[in-house]
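The values are calculated or read from the model by the stated rules, or taken from the named source; none is laboratory data. What you see is a predicted model; the values in this text were computed from it and never measured. Here the Cβ positions follow ideal geometry from the backbone for every residue, glycine too, while neighbour counts run over all protein chains shown. Just the protein is used for accessible areas: all its heavy atoms, side chains included, with ligands, DNA and RNA removed. Shrake-Rupley method; radii C 1.70, N 1.55, O 1.52, S 1.80 Å.
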Amino acid sequence: MGPLSARLLMQRGRPKSDRLGKIRSLDLSGLKLLSEHLDPKLLSRLTQLQELDLSNNQLETLPANLGLSHLRVLRCANNQLGDVTALCQFPQLEELSLEGNPFLTVSDNLKVSFLLPKLRKVNGKDASSTSSQVTAHWEKFKAALSPGEEAEKAQADFVKSAVRDIRYGPESLSEFTQWRVRMISEELVASGGAQVREADIPERPPKAPAAQEPRARPVAVKRPDDVSLSPSPNKRVCTSSSVCVEGSAPGSDDSRPALDLEPLHFLQCHSKNNSPRDLETQLWACAFEPAWEEGHAGATSQTVATCGGEAVCVIDCQTGIVLHKYKAPGEEFFSVAWTALTVVTQAGHKKRWSVLAAAGLRGLVRLLHVRAGFCCGVIRAHKKAIATLCFSPTHETHLFTASYDKRIILWDLGVPTHDYEFQASRLLTLDAASIPLRLCPVASCPDAYLLAGCEGGCCCWDVRLDRPQKRRVCEVEFVFSEGSEAAGRRVDGLAFVNEDVVASKGNGLGTICLWSWSQTWGARGKQSSLAVVVLARLQWSPTKLAYFSLSTCPDEGIVLCGDEEGNVWLYDVRPLLSQQAPLPAAPQAPTQILKWPQPWALGQMVTKTMVNTVAANRTCTYLTALTDSNIVAIWKRQ
């Protein structure tokens, strides 16, 4: 499609006319238009245009000076738009469609609500919001004023206190929301306290005191099966004012305070048929989205993916909103993993977007384009169930899948096409003697070696792609000394604490083992069996139950693991690893044990629950725990 012409506009415009200035509705959908095809000089002649359809094209941006001052309805679905700020040129816009633009986010939907003051509908949904928090703060502030206080100073103090004290919306948008609160406050003061217009701030309900709604069990909104991911309009929240914390590691640095974690949300978003009575759906894995786009050290993510039953959910930890939900009837998801891929658009521009891989009982890997909201690829990876997934930390398209067929396969997803289609290829097949349960690329050399915790122990494979063999057996089996995992015993927890130290866990012994990769591997020679060099042991639950997956937060030096009583064990191991050898022989107590607040989300219906897995984002700001009773619990660091 070339540049637009006046003749084409008159052919596709309504009502039919020989003058562009009389057209009120224009359909330019499905013409494969690029951004440069939208000629502002030509379109500005549409002085009476009220409705414009640009859907199903290849637009990456909208020109900033189209001059359509009377436009009320704009449809831009299924394009390549990556920014919404150009929409401010349409101040009369009332309805807007942006669905199917894979590079737009939930935040962009919030932005348009502010940029377009008359907007009523976004993607067919109500776009209105409320300024009630600022108004309530104003009433409270007025009641506290002394009779002789100067009005001008009082008004200035109110604006300052509103910006400082009102907490509204996700923290990732705190700068935006503070700015909006300031604007609303100044409008309120200028109007003498009259109700100002609706404020376009992402809604976040205030926390309820623990005694008010201790047993709230909101029900998830019903969604169609196995369809695109869709935003959830409901917030499922149950908060509590305190967390029971126990334990302090002997010999630890007392100057380091324990993590102060507050429960934010308890969600029941994986229930069968969205039933609040479903306490049997097992939740198996959670993973935080890496902060691909922040671009600065210490960046973190508050978005977590969880899987269990037939559903994968993507949750905003700050608000407790289920941003997306994907369902596959007949599937039971066991694992999720994130990556970010670079896509070249049809116009030749590079874009980054997050992909979530999910797999489970049926041996299929589903690749979910989270922002756009659909499944963009399926890999028939194994004939048996997939236990776990893991992306390479250095190659964004390389994915390891571990199956109950006792094989680990390394896949190259390839670069997706313009239509977001994948052509995955198999790079390596790794044979295991028993079922692999956990995968972990070696932190110091992820392109060379892969660790796996298996039903029969801990094994290592050479995964260098410059070697000729495409099918390989286990390179080395790791043997743990007495008092830790015994040789041949299940290893169901495995993660690196830093570049060298590995945390691993077996069942039935009540300990988590910290061992050195470099010291262990350095003594290898030609041996096929190596005794690990144990640095320390951490005291854990004495349960004989298995499959409690530990995780680590390397930036903070933290190890986390759930147990059969519903607790989360947290270990700050930095003081321990900084000690000079020899380290204490006795297992070290946890830094603290995080317990469920009582009463909690389900009241008396469930008195005990198992925490199957727990994960934190890179700074341990948010922590997510999954239970065997279909509950996703989210804590926030204070």
request  = Give the accessible area for residue 407 in Å² (nearest 10); use a 1.4 Å probe, count only protein heavy atoms, and leave out ligands, DNA and RNA.
outcome  = 90
request  = Mind giving me the FRET efficiency for residue 417 and residue 518? R0 is 45 Å, r the Cβ-Cβ distance, nearest 0.05 is fine.
outcome  = 0.60
task = Work out how much length residue 48 to residue 580 would gain on full extension: take 0.36 nm times their residue separation and subtract the Cα-Cα distance, in nm to one decimal.
result = 183.7 nm
ask   = What number, in percent, do you get for the relative contact order of the range 303-405 if the mean sequence gap of Cα pairs under 8 Å and at least 6 apart is divided by its residue count?
value = 19
inquiry  = Rounded, prolate or oblate, given the Cα gyration tensor of the range 549-590, with a/c below 1.5 counting as rounded?
reply    = oblate
task = Would you mind checking which residues have amide H under 5 Å from residue 481's amide H? H placed 1.01 Å from N; only 5 or more apart, or other chain.
result = 532
Phi-based couplings in Hz for the range 622-638 (Karplus 6.51, -1.76, 1.60; Gly and Pro marked x) = 10, 10, 10, 10, 10, 10, 7, 10, 6, 10, 9, 10, 10, 10, 10, 6, 8
note = In the neighbourhood of residue 561 defined by beta carbon distances under 11 Å, the net charge of the other residues (Lys, Arg +1; Asp, Glu -1) is -1
inquiry  = 5 Å is the cut-off here: which amide hydrogens, built 1.01 Å from N in the peptide plane, fall below it relative to residue 355, excluding neighbours closer than 5 in sequence?
reply    = 339, 340, 341
request  = Take the alpha carbon atoms of the range 82-112, find their center, do the same for the range 25-57, and report the distance between the two centers in whole angstrom.
outcome  = 16
ask   = How large, in percent, is the carbon and sulfur part of the accessible surface of the range 382-466 at a probe radius of 1.4 Å?
value = 48
key: the range 1-125: proportion of alpha-carbon pairs further apart than 19 angstrom, %   = 43
Calculated from backbone phi, Karplus (6.51, -1.76, 1.60) coupling profile of the range 337-345 in Hz, x at Gly/Pro = 8, 9, 8, 10, 10, 9, 10, 9, 6
